[in-house]
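Asks: Have a look at this one before I ask anything.
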Amino acid sequence: MPKYSRKPVINDSKQYEEIFDEKEIEKIVQFSLRFFNQSIKRAPIKVVRHTWRQGDKLYKIAGQQYGNFRYWWVIAIVNKISSEADLTYGQIIKIPLDASEIISRI
């Protein structure tokens with residue numbers, strides 16, 4: 001999964017003032033997500049196609065394809081989705097043959 005920055009971002013924006021008051025807090029400490037290298041969009045990645053069906057999970061497919069269920073996000077990136085909730089049964093998704101082609105570009 002993409003790494004979060006270890007540098008905290010303090011969110012004390014006025015737009016959240018009502019929430020801060022309700023929760024009796026002054027700020028929220030968040031961590032930003034690293035941006036992906038734009039070369040992922042242009043990478044010539046070899047894929048296999050898979051028809052999404054009931055019972056499919058990105059982590060299961062990653063485990064079968066890469067031997068590591070934690071690489072589910074590689075499939076999500078290539079398909080421009082954030083989770084299985086973005087998919088419908090019968091939809092064709094792309095599964096990169098080699099996860100390292102994506103991982104090396106992050």
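The values are calculated or read from the model by the stated rules, or taken from the named source; none is laboratory data. Because the structure is a prediction, the values reported are computed rather than measured. Note that each Cβ is placed from the backbone with ideal geometry, even for glycine, and that neighbours are counted across all protein chains shown.
Asks: Just a yes or no: is a residue in the stretch 87-101 in a loop (DSSP other than H, G, I, E, B) and within 13 Å of the chain's Cα centre (by Cα)? Break it down stepwise before answering.
Replies: Keep residues of the stretch 87-101 that are in a loop (DSSP other than H, G, I, E, B), which gives 87-91, 97-99.
Restricting the remaining residues to those that are within 13 Å of the chain's Cα centre (by Cα) gives none.
Within the stretch 87-101 (the criterion being in a loop (DSSP other than H, G, I, E, B) and within 13 Å of the chain's Cα centre (by Cα)), the answer is no, since none of the residues qualifies.
Asks: Going by what's in this entry, would Ala62 be described as surrounded by 13 or more Cβ atoms within 10 Å (Cβ to Cβ), at pLDDT 95 or above, not assigned by TED's automatic domain parsing to the domain that holds Gln15 and not in a loop (DSSP other than H, G, I, E, B)?
Replies: When the stated conditions are applied, Ala62 passes them.
Asks: So, one more: I need every pair where a residue in the stretch 56-75 that is free of Cβ contacts under 8 Å to residues at least 60 places away in the same chain and among the small types (Gly, Ala, Ser) has its Cβ under 6 Å from the Cβ of a residue that is surrounded by 20 or more Cβ atoms within 10 Å (Cβ to Cβ) and not in a helix (DSSP H, G or I), sequence separation at least 6 or different chains.
Replies: From residues that are free of Cβ contacts under 8 Å to residues at least 60 places away in the same chain and among the small types (Gly, Ala, Ser), there are no pairs.
Asks: Can you name every residue in the stretch 65-83 that is of a type in the set (Gly, Ala, Ser) and surrounded by 12 or more Cβ atoms within 10 Å (Cβ to Cβ)? Lay out the reasoning, then the answer.
Replies: Keep residues of the stretch 65-83 that are of a type in the set (Gly, Ala, Ser), which gives 67, 76, 82-83.
Once the filter is applied, which keeps residues that are of a type in the set (Gly, Ala, Ser) and surrounded by 12 or more Cβ atoms within 10 Å (Cβ to Cβ), the stretch 65-83 yields only Ala76.
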